[in-house]
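What follows is one structure encoded as structure tokens, with my remarks underneath.
The values are calculated or read from the model by the stated rules, or taken from the named source; none is laboratory data. None of these values were measured; they are calculated from a predicted model. When we count neighbours, we look across all protein chains shown, and the Cβ atoms used for this are built from the backbone with ideal geometry, even at glycine. The area values use the complete protein model at the heavy-atom level, side chains included, leaving out ligands, DNA and RNA. Shrake-Rupley method; radii C 1.70, N 1.55, O 1.52, S 1.80 Å.
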Amino acid sequence: DSIRNLLLIITSYIAKIAQYQSALISTVAHYLIDKIVLDEQSASSQQKFLAMLSLYHLSITATATATAQADAADVDDDRNSENNIQTLLDAKIIEAALYLIITHARSVKHCYVALACIANLCIFQRSAKTLLQQPSTTKNEKILPRLTLETLHEIAMSTTGGNSGAVDHDNDDGDNVQIETMTTQYSLQSAESIQCLIALIAARMTSRADFELTSIDLCYLNTILYHFSACADHFYTQTYALISFLNFLHKCNTTNFNKIISARAWLTTLLCFTPSTNLSVTNMILKCVLRILQQSVHNAQTQKPHPNLLRMLDELCCNPHFVTLIELTFNATQQNQYTLVALSQLLLIVCQHMPTHTLLMYDYKSLLLALIEFTLHSHATIKHNGCAALHCFVAYACHQNDSNLPFKILSIASTSDRAQNGDDRGNERGLLALFELLSSKAHYAETVHVLATLSANTSVVARFVQHNGLSIVIHEILHNISMTHEIDTAIKAAEILRNVCKTAANVKMFLAGNGCQCLMRLIDAKSATLRFSAAAILADIVYQTTTATSGNDGDSGSGNASAKQSHDLFVFTVEHLTPFMADIVYCLLQLLRAENDVVQLHADDGHQEQNSRKMTRVCLTLLHRLCCDSELCKTLMVRAEGVKLVGVKWLECVKHRHAEHEIALAILKCVALCRDTQMAFVEQNGGVVLKHLVNDTTADKNLKHQNHSQAAVMIAALCGNIDTHALIVAHKIYKLLLVLRHSPNTEARKTSMDTLLTLLENQEIYGLLHHDVELTQTLAAISKFGA
């Protein structure tokens, strides 16, 4: 025995030398396994330990050499290493190690060396079938255990708690100082080291591509729980246990998954590891939690309603470590890209399957801050998950008409650490996140509703415009929002534009950013609400620009006048509208045409008639203000045949005795008095308007006086332009002067007579008038009796 002990010691030392490895494996390995480790009679406990120690050193050298040669891509040496490993596996080294563990369960050094040997060899592809094969036998027909999770569980349970006081069996070599010195480092190993090796073997076994989880393997969950709880101070043991549990979740079928979930509240157990400062542990926790939730969601969608899903989500949200998990978003040293991707997917599941009103009862501030950060992230997957999760809150605010939640999103972002640390964009991250949602085709509808609520606040509008929100909304109206199928969204978008245009500075940006094209799209829609919204926006624009020139407080003092001039020096005036005047006038005329079509279509609808009158009054008022302040507006109006349209509107209002006829007549008068538009006025049926003013027999006495006065002034202005004389004669407008000679309005009679004489001073039109008998008789009477 002493000689055998010395030979075994020498063999263990030689097994550490790589150059003798192949020779020892081919000659000695089988002998060490069959004649010593598996020999129950002649071999002592110490000799079995020494034999396993030699096999352990061979496994270390073989695996290290194989790994190094695989990295170096040395094909021949790599083949030799694989042959050496396969020789060890064929010699049933793993089964022998298991046998030694079972027979020496109370010996720390035996268990440690045997488990370490198994851990070295269970990582190779060639060992897959060996690990999963049926129970094998030796030449002596001795049944050996096989390496399974069930076997590891039994070993783990049998080595817990009693190893600290265990002694080696058959310690008959205690007087050999050399053996005692060599085995001391293994005898002093703790029970936690044994558990660490067990956890490592299980992690490597379950990580194999060909591993399949069976119901028998579920008993190892108890070992995982033991490693989670009893090995709280051993980092590697818990890490390996996490890997095994993660592999369980990924490689189980639906039945086994339900068994795993029903066995314990795993989310609570996993979240206890969140205070860990190790990034790999954190990522594994996220993987496990995410896998549990994803599989639960899948089961809930493919099977009957899954009652555990809401229970698990509630358990997750109520856990105090959940906030710690969310705060990883803001800790740059405790995260990487995978951490953020997994966390964004986790929060997306929580937001999509947990009622939003329930989430708002928890600590939702950290949750919203994290979603805002994910929405603004540059990574596509993180951004997508963040947008989808934040959209759940936005949709809730939209459908529940919750006006407070959008402001909470903005206020939470403004009070974040990033905002308080001086980040210029920190205060606006909530608003920028909403812009990201607005730019997303899947989420813009509800986001428009929320932004419409926020735009009612003037301070939010200023920030909205400052950060390019106006151009985003205009782009959505022009290219994405359907004016037929998304009427509500379009109305809310128009509401945003109207709130923006209430400030003069914003009007400039609106017009410069395709605002007029946006208004045209609203006007072309079939919705009356959208047309009224467009009219309201135009009203804000026009009143912002014309107030400075048309407003007067009635104070004629020079001091107040100079003060007003200084105050209005940089006011947005009608001159600023010059580049956009054509579009504005076109929009107003289109509104008038659209309402004219609506009136004809719904002639019997009293409510529709009231709305049409309101729209007509608004458009006419805006046109009048522009015509009073801008000569360009009059020119553009006649180019678009606006005189004819306004004339028709005036005749309709007069016929139905609507008060809007006064505004329409004022517009026509502005055009008639402008020298550049007088010819177009006559050509666009201006004569019809004048004839109706002069010859209206239905008007009462006062109205008739006013009509004659207006007609006389307009005809006088037309005749003051010699270029219009031919048209005046061609359209028989001069005959109205003959009628006005008998007007009850004294001023109209005088003006008409002066105008007629002025017209007749132009000898070029005599050829057009020599057939007019009435004019000849009138002139004869004037020459005889005087004017």
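Name every residue in segment 441-468 that is open to solvent by 30 Å² or more (accessible area, probe 1.4 Å) and either within 25 Å of Thr484 (Cα to Cα) or of a type in the set (A, V, I, L, M, F, W, C) (or both), in order of residue number. Please lay out each step first, then the result.
Taking segment 441-468 as the starting set, the residues that turn out to be open to solvent by 30 Å² or more (accessible area, probe 1.4 Å) are 441-442, 446, 449, 453, 456-459, 462-463, 466-468.
Within segment 441-468, Lys441, Ala442, Glu446, His449, Thr453, Ala456, Ala462 qualify.
Scan Gln69, Gln41, Gln47 and give me the residue that is modelled with pLDDT under 80 and closer than 26 Å to His104 by Cβ.
Working: Gln69 fails: closer than 26 Å to His104 by Cβ; Gln47 fails: modelled with pLDDT under 80.
After applying the criteria, what remains is Gln41.
Given the criteria assigned to a helix (DSSP H, G or I), within 25 Å of Phe510 (Cα to Cα) and at pLDDT below 90, does Leu577 qualify?
Numbers: assigned to a helix (DSSP H, G or I): yes; within 25 Å of Phe510 (Cα to Cα): yes; at pLDDT below 90: yes.
Judged against the criteria, Leu577 is a match.
Which ones in segment 657-706 are among the charged types (D, E, K, R) and either at pLDDT 90 or above or over 22 Å from Ser612 (Cβ atoms) (or both)? So that I can check it myself, show each step before the final result.
Initial filter on segment 657-706 (among the charged types (D, E, K, R)): 657, 660, 662, 669, 675-676, 683, 691, 696, 700-701, 704.
Those that are among the charged types (D, E, K, R) and either at pLDDT 90 or above or over 22 Å from Ser612 (Cβ atoms) (or both): Glu662, Lys669, Arg675, Asp676, Glu683, Lys691, Asp696, Asp700, Lys701, Lys704.
For segment 82-197, which helices (runs of 4 or more DSSP H) that fit wholly inside it have 2 or more residues that are at pLDDT below 85? So that I can check it myself, show each step before the final result.
On the way: elements: 93-103, 108-121, 128-132, 149-158, 177-187.
By residue number, 128-132, 177-187.
Here's the yes/no breakdown for (1) open to solvent by less than 10 Å² (accessible area, probe 1.4 Å); (2) in a loop (DSSP other than H, G, I, E, B):
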{"residue": "His624", "(1), (2)": "no, no"}
{"residue": "Cys628", "(1), (2)": "no, no"}
{"residue": "Lys634", "(1), (2)": "no, no"}
{"residue": "Met637", "(1), (2)": "yes, no"}
{"residue": "Lys644", "(1), (2)": "no, no"}
{"residue": "Val648", "(1), (2)": "no, no"}
{"residue": "Glu652", "(1), (2)": "no, no"}
{"residue": "Ala659", "(1), (2)": "no, yes"}
{"residue": "Ala664", "(1), (2)": "yes, no"}
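Within segment 307-348, which residues are over 15 Å from Leu271 (Cβ atoms) and of a type in the set (A, V, I, L, M, F, W, C)?
Hits for segment 307-348 are Leu309, Leu310, Phe330, Ala332, Leu340, Val341, Leu348.
Condition first: open to solvent by 40 Å² or more (accessible area, probe 1.4 Å), in contact with a Pro (Cβ under 9 Å, 6 or more places away or on another chain) and touching a residue at least 12 places away in the same chain (Cβ under 8 Å). Can you find one or more residues in segment 264-283 that meet it? Lay out the reasoning, then the answer.
Let us first name the residues in segment 264-283 that are open to solvent by 40 Å² or more (accessible area, probe 1.4 Å), namely 264-265, 268, 272, 275, 277-280.
Restricting the remaining residues to those that are in contact with a Pro (Cβ under 9 Å, 6 or more places away or on another chain) gives none.
Looking for residues that are open to solvent by 40 Å² or more (accessible area, probe 1.4 Å), in contact with a Pro (Cβ under 9 Å, 6 or more places away or on another chain) and touching a residue at least 12 places away in the same chain (Cβ under 8 Å), one finds none in segment 264-283, hence no.
Can you list residue pairs whose Cβ atoms sit under 8 Å apart, with the first residue in segment 637-657 being of a type in the set (Val, Ile, Thr) and the second being outside any helix (DSSP H, G or I)? Count only pairs 6 or more apart in sequence or on different chains.
Every condition considered, the pairs that remain are Val654/Asp696.
Go through segment 208-257 and give me each residue that's aromatic (Phe, Trp, Tyr) and over 30 Å from Pro275 (Cβ atoms). Give the derivation first.
In the first step, residues of segment 208-257 are kept if they are aromatic (Phe, Trp, Tyr); the result is 211, 220, 226, 228, 235-236, 240, 245, 248, 257.
Phe211, the sole residue that qualifies.
Give me a count of the residues in segment 645-688 that are of a type outside the set (A, V, I, L, M) and closer than 20 Å to Leu727 by Cα. Break it down stepwise before answering.
Start the filter on segment 645-688 by keeping residues that are of a type outside the set (A, V, I, L, M), which leaves 647, 649-650, 652-653, 655-658, 660-662, 669-670, 674-678, 681, 683-687.
Next cut, closer than 20 Å to Leu727 by Cα only: 647, 669-670, 674-678, 681, 683-687.
Summing the residues that are of a type outside the set (A, V, I, L, M) and closer than 20 Å to Leu727 by Cα in segment 645-688 gives 14.
Pick from Thr329, Thr339: which is crowded, with 16+ Cβ neighbours inside 10 Å and modelled with pLDDT of 90 or more?
Details: Thr329 fails: modelled with pLDDT of 90 or more.
Thr339 is the lone residue from the list that is crowded, with 16+ Cβ neighbours inside 10 Å and modelled with pLDDT of 90 or more.
If you check Ser752, Ser743, which single one turns out to be outside any helix (DSSP H, G or I), at pLDDT 85 or above and open to solvent by less than 90 Å² (accessible area, probe 1.4 Å)?
Values: Ser752 fails: outside any helix (DSSP H, G or I).
Only one candidate passes the filter, namely Ser743.
Can you find a residue that is among the small types (Gly, Ala, Ser), surrounded by 20 or more Cβ atoms within 10 Å (Cβ to Cβ) and more than 15 Å from Ser296 (Cα to Cα) anywhere in segment 224-240?
Let us first name the residues in segment 224-240 that are among the small types (Gly, Ala, Ser), namely 229-230, 232.
Keeping just the survivors that are surrounded by 20 or more Cβ atoms within 10 Å (Cβ to Cβ) gives none.
No, the conditions are met nowhere in segment 224-240.
Looking only at segment 484-509, how many residues end up being closer than 20 Å to Phe435 by Cα, modelled with pLDDT of 90 or more and out of contact with any Gly (no Cβ under 9 Å at 6 or more places or on another chain)?
The total comes to 10.
Quick check on segment 350-373. Is at least one of its residues out of contact with any Ser or Thr (no Cβ under 9 Å at 6 or more places or on another chain), in a helix (DSSP H, G or I) and over 20 Å from Phe393 (Cα atoms)?
No - not one qualifying residue is present in segment 350-373.
Restricting segment 369-380 to residues that are surrounded by fewer than 23 Cβ atoms within 10 Å (Cβ to Cβ) and in contact with a Leu (Cβ under 9 Å, 6 or more places away or on another chain), which is farthest from His467 (Cα to Cα)?
Once the filter is applied, the top-ranked residue is His379.
Assigned to a helix (DSSP H, G or I), buried (at least 23 other Cβ atoms within 10 Å of the Cβ) and small (Gly, Ala, Ser): does that describe Ala716?
Working: assigned to a helix (DSSP H, G or I): yes; buried (at least 23 other Cβ atoms within 10 Å of the Cβ): no; small (Gly, Ala, Ser): yes.
When the stated conditions are applied, Ala716 does not pass them.
Step by step: first the residues of segment 43-60, then only those that are open to solvent by 10 Å² or more (accessible area, probe 1.4 Å) and under 27 Å from Glu82 (Cβ atoms), then the one that is nearest to the chain's Cα centre (by Cα). Which residue is that?
Looking at the filtered set, the residue picked out is Ile60.
Would you confirm whether or not segment 2-20 contains a residue that is part of a helix (DSSP H, G or I), hydrophobic (A, V, I, L, M, F, W, C) and under 15 Å from Thr87 (Cα atoms)? Write out each step before concluding.
Within segment 2-20, the subset part of a helix (DSSP H, G or I) is 2-14, 18-20.
Checking the rest, the ones that are also hydrophobic (A, V, I, L, M, F, W, C) come to 3, 6-10, 14, 18.
Now drop any that are not under 15 Å from Thr87 (Cα atoms), which leaves none.
No - not one qualifying residue is present in segment 2-20.
Within segment 284-312, work out how many residues are exposed (fewer than 15 other Cβ atoms within 10 Å of the Cβ) and hydrophobic (A, V, I, L, M, F, W, C). Spell out the reasoning first.
Our first condition is that a residue be exposed (fewer than 15 other Cβ atoms within 10 Å of the Cβ); within segment 284-312, this holds for 294, 298, 301-305, 307, 311.
Retained after the next criterion (residues that are hydrophobic (A, V, I, L, M, F, W, C)): none.
Qualifying residue count, segment 284-312: 0.
More than 22 Å from His467 (Cα to Cα) and open to solvent by 50 Å² or more (accessible area, probe 1.4 Å) - does that describe any residue in segment 383-395?
No.
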